[in-house]
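**Q** Sharing a structure, written as structure tokens. Questions coming.
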Amino acid sequence: MAQAMAQNMFRISQVSLNNVVRCNAYAFAPATSQAKAYSSASTTDKEKSKNPIQKSVFISQSTDIFTNLALEDWMYRNFNFNNHHVLLMWRNSPCVVIGRHQNPWVETNTTNVAHQGMEIARRNSGGGTVYHDRGNLNLTFFTKREEYNRRNNLEIVSRALFREWGIESVITPREDIVVKNTYKQISGTAAKLGRPNAYHHCTLLVDVNKVALRQSLHKDDKGIVTNATQSVASPIMNLCEINQHVKVERMLGAVGWEYLRTCPETLEDGGQDLINKQRGFQLINPTDNWFPGLNKLKEELSSWDWRFGKTPKFQVNKSFRVPKEFLGEGEMGVQELKVSLEVNKGIIDDVTLKLPPGLLSTNGFHGEVDVVTSLRGQPFSERAVVSLENALHDMSTKEGNLQGKSQFVMNCMRQVMQSV
Amino acid sequence: MRSLRGLHYSSVARISRCFVARWQGNVIRYISISINCLSGSRRFTDKHEWISVNENIGTVGISHHAQKSLGEIDFAQLPDVGAVLEKEVTCGALESVKAASEIFCPVSGKVIDKNASVEQTPRLINSSCYDKGWLFKVELTKPDELNRLMTESEYETFIKSGVYK
């Protein structure tokens, strides 16, 4: 597999050798000299007419989600896209990626995902949660802000699918790519707009593990109340299900060539003539040497503070039916214990326990409540569950077996923490 | 012109007061408007933010052009109170179906308030971008920076030129 990929890379390089060499000369000059060239000066009309927009295709050699997100961010912040558009293509090892303003505890089961050895990453662009693995190809279209055009980019992808494999696809009003006559999505899209640069990135489902996808994006009702952006679940399919010859390596070439042969403003197909005027393909090794500051971006993107702490404020509300044996004599009907946690910036801000009258007893709940309120200030994570368990263990060693009622309350707390 | 007949009494009173004010206070009203322009008039950036300053406190928002091009805003991430910002540095983001767009601070200063209603109901930015959809307030540290921003009429010309989207 790796050999075949390497051979394909070589084939791409061979065919556009002149372009790659030209690309090496100035697009990949040592980053220090590039840094000087990064002005945020706007393109005047005179400059535009003098120098037509040229295109490059960059292919990242990393499969680490944090490195690739850092590379994307680095290019957005530092690269000069004056008269130069770039398509960055990248793939990742299995992971879950949430949108900038999303809640990871809503969108996925964080404990399960961690147990499967997958990372949860938060990207800088908006949109919903996606599952990545090596059967998924990510495309990032970089331009200056005023040249940003999402629909044009999707049109290029659609044409590539048709030209290479005869697959007909449609761009929906929501600007997703859907296979014609199936209404199944093969691509999800998101974007980031700033000044002077902007980017639009999308996924392409070539040969993704659909079982792993469904398991990692499975949402239960966890009683979370939040104003974070919610994902819109859509039925998906792999491109290899439509045509078994569709492979990621070939997709790299198909989309890359289509991008280079398409005129950026008019979307006209310029064919080989236009390709010869572009800067061609370039393999990218995302290291701090080539991209100074990349390691710092990668550290920020992989930090707990960014991935979980950036979550908008939310509340977790859960009710538990109190077993009859714990209710006082004469208490009738169904009574519920209500647990409510307020989480801000990923830290448990407040814990509220609403005890029904039947649960209140002469021995009170002081010790247990202390244990519960010790959750305050803890990050909303497995760590908090562990510290709660330890506290419970300490209590039962000190006071012998916990009273049945207390045990029940503690079990409820444990369930709330573990369910997310 | 609506007939006054049949309107509730208080509405009638309001309308008639309005007429009286306009008739008698024309000159005075004109002067008071001018004073407002000097202290609280809006200035614009080329990134489509506006700022309106009153006693060194600037209220920041995005322009009608910006909210229209963003589409319906689903999430507003505003700077925290107490944050110290530099001019033209990213200080937040607005997310719509189309994209996550950065918010840039028009001037240097310290954030003293943010609009919790907008955090709760981001669509306020679309429906009332100059009024209820304000984003945050900042205490200016370099008031001279205001002079480099566009006036309302300069901004209108800027938009019409179509140079920037």
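The values are calculated or read from the model by the stated rules, or taken from the named source; none is laboratory data. Just so it is clear, the structure is predicted and the values come from calculations on it, not from any experiment. A quick note on method: Cβ atoms are made from the backbone with ideal geometry, for glycine too, and the neighbour counts reach across all protein chains shown.
**Q** Please verify whether segment A:104-125 includes one or more residues that are over 20 Å from residue A:67 (Cα atoms), within 13 Å of chain B (Cβ to nearest Cβ) and over 9 Å from the mean Cα position of the chain (by Cα).
**A** No.
**Q** Within segment A:248-262, identify whether any single residue is surrounded by fewer than 17 Cβ atoms within 10 Å (Cβ to Cβ), away from chain B (no Cβ under 14 Å) and not in a loop (DSSP other than H, G, I, E, B), and answer yes or no.
**A** yes
**Q** For segment A:207-247, what are the residues that are surrounded by fewer than 17 Cβ atoms within 10 Å (Cβ to Cβ), farther than 28 Å from residue A:59 by Cα and aliphatic (A, V, I, L, M)?
**A** Of everything in segment A:207-247, those that are surrounded by fewer than 17 Cβ atoms within 10 Å (Cβ to Cβ), farther than 28 Å from residue A:59 by Cα and aliphatic (A, V, I, L, M) turn out to be A:225, A:232, A:233.
**Q** Taking the condition of being surrounded by fewer than 21 Cβ atoms within 10 Å (Cβ to Cβ), away from chain A (no Cβ under 11 Å) and closer than 13 Å to residue B:135 by Cα, how many residues in segment B:80-108 meet it?
**A** Residues in segment B:80-108 being surrounded by fewer than 21 Cβ atoms within 10 Å (Cβ to Cβ), away from chain A (no Cβ under 11 Å) and closer than 13 Å to residue B:135 by Cα: 1 in total.
**Q** What number goes with the only condition from (1) loosely packed, with under 15 Cβ neighbours inside 10 Å; (2) modelled with pLDDT under 70 that residue A:325 does not pass?
**A** It is condition (2) that residue A:325 fails.
Residues are listed down the side, and each one gets a yes or a no for (1) at pLDDT below 95; (2) of a type outside the set (Phe, Trp, Tyr); (3) surrounded by fewer than 20 Cβ atoms within 10 Å (Cβ to Cβ); (4) over 23 Å from the mean Cα position of the chain (by Cα):
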{"position": "A:268", "(1), (2), (3), (4)": "yes, yes, yes, yes"}
{"position": "A:272", "(1), (2), (3), (4)": "yes, yes, yes, yes"}
{"position": "A:290", "(1), (2), (3), (4)": "yes, no, yes, yes"}
{"position": "A:295", "(1), (2), (3), (4)": "no, yes, yes, no"}
{"position": "A:304", "(1), (2), (3), (4)": "yes, no, yes, no"}
{"position": "A:311", "(1), (2), (3), (4)": "yes, yes, no, no"}
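**Q** Looking at segment B:99-109, can you tell me whether even one residue there is in contact with a Gly (Cβ under 7 Å, 6 or more places away or on another chain), part of a loop (DSSP other than H, G, I, E, B) and over 23 Å from residue B:57 (Cβ atoms)?
**A** For segment B:99-109, residues in contact with a Gly (Cβ under 7 Å, 6 or more places away or on another chain), part of a loop (DSSP other than H, G, I, E, B) and over 23 Å from residue B:57 (Cβ atoms): present.
**Q** Is it true that residue A:200 is within 18 Å of the chain's Cα centre (by Cα) and within 14 Å of chain B (Cβ to nearest Cβ)?
**A** The answer is yes for residue A:200.
**Q** Among the residues of segment A:152-175, which ones are under 21 Å from the mean Cα position of the chain (by Cα) and within 11 Å of chain B (Cβ to nearest Cβ)?
**A** Within segment A:152-175, A:174, A:175 meet the criteria.
**Q** With A:101, A:132 as the choices, which residue is within 14 Å of chain B (Cβ to nearest Cβ), in contact (Cβ under 8 Å) with a residue 12 or more places away in the chain and in contact with a strand residue (DSSP E or B) (Cβ under 6 Å, 6 or more places away or on another chain)?
**A** A:101
**Q** Here is a further query. If you take the residues of segment B:111-145 that are touching a Leu at 6+ places or on another chain (Cβ under 8 Å) and surrounded by fewer than 15 Cβ atoms within 10 Å (Cβ to Cβ), which of them is farthest from the other protein chains (Cβ to nearest Cβ)?
**A** Selected residue: B:132.
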